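Asks: This is the structure, below, for whatever I ask next.
Readers should treat all values here as calculations from the given coordinates under stated rules, not as data from a laboratory. A quick note: this is a predicted structure, and the numbers were derived from the prediction, not measured.
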């Protein structure tokens, strides 16, 4: 039986990965950092000795690494702290995985691109314009150079039920339910990705011979404002509370790649699980409130 470890299972992607792996019958272990979960062990990937000790104890075949410091603006304002997690921490995981011969499945982002000519395929040249994007690219580069067995999953605008309630759709629903007006950029284009779909496809591919870099994202491009309106309609909320604005109006510390998103032709050709678009994802989310990770 395959033995899997999810580093960062308290987050959105990690929680859905843990559920998917557990439901598939795999022996699955989980870790968390700052948000304790009942089924996981505490772990700080910045501490290499702790990683090595855990890996030697569990001896996983697969190491899923969605754990990160993903707040783009926080990374921009705190580059040293975020680098220690998003780059140095990843290096520690790779080195520990190599020692026991485990495969690493790392989650990256379309923020490694500048957003001038998206959507992007796996072979397009990277040109990050934010600290977060530079860190994700640095982590990718270390993995490709030093990992003996890896899969880098690039994804974007991931949404779904999560107990922390941090992702874009979750926060949007909460704001609209409370009657709060929200400003949403109309010039940020991406491919929203339903977390449960992402997890299932990733687990499917992880056990296959697929190697290297692959895009796993929603199959339909849309700007952030239109995606928000679609969310309001699916969840029967007041779309009049959503105000379209240009990104520059928001004065965010980190630059955003505007014309971004990911091309998923490669995964469409090899995954046995369909890649869904944002409407199917939102409707599935609305119907299946039981899909919230049970940790």
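Asks: Could you work out the Kirkwood radius for the chain, taking every pair of different alpha carbons, averaging 1/r and inverting it, reported in Å? Walk me through the intermediate numbers first.
Replies: On the way: mean 1/r = 0.0520 Å⁻¹.
Across the chain, the inverse of the average 1/r is 19.2 Å.
Asks: Post the alpha-carbon centroid distance, segment 50-71 to segment 78-143, in whole angstrom.
Replies: Between the Cα centre of segment 50-71 and that of segment 78-143, the gap is 16 Å.
Asks: Relative contact order for the chain: what is it in percent, counting Cα pairs under 8 Å that are at least 6 residues apart? Numbers along the way, then the final one.
Replies: Numbers: 619 pairs, mean separation 62.6, N = 295.
Relative contact order of the chain: 21 percent.
Asks: Using a Gaussian network for the chain with springs between C-alpha atoms less than 10 Å apart, which of these wobbles most: 123, 156, 202?
Replies: 123
Asks: How compact is segment 208-261 by the rule of thumb for globular proteins, expressed as Cα Rg over 2.2 N^0.38 Å?
Replies: Cα-based Rg divided by the globular estimate yields 1.57.
Asks: Can you tell me the orientation of helix 131-146 relative to the chain, as the angle in degrees between its alpha-carbon axis and the longest Cα principal axis, to the nearest 10?
Replies: 30 degrees
Asks: Based on the alpha carbons, how large is the Rg to Rh ratio for segment 124-198 when Rh follows Kirkwood? Working shown, then result.
Replies: On the way: Rg = 16.2 Å, Rh = 15.2 Å.
Looking at segment 124-198, the ratio lands at 1.06.
Asks: At 0.36 nm per residue, and after removing the present C-alpha to C-alpha distance, how many nm does the segment from residue 59 to residue 73 gain when stretched out fully? Don't jump to the answer; show the numbers that get you there.
Replies: Numbers: separation 14, 0.36 × 14 = 5.04 nm, distance 3.57 nm.
Contour length minus the Cα-Cα distance gives 1.5 nm.
Asks: Over all alpha-carbon pairs in segment 6-136, figure out the percentage whose distance exceeds 26 Å.
Replies: Working: 2132 of 8515 pairs.
For segment 6-136, the share of Cα pairs beyond 26 Å comes to 25 percent.
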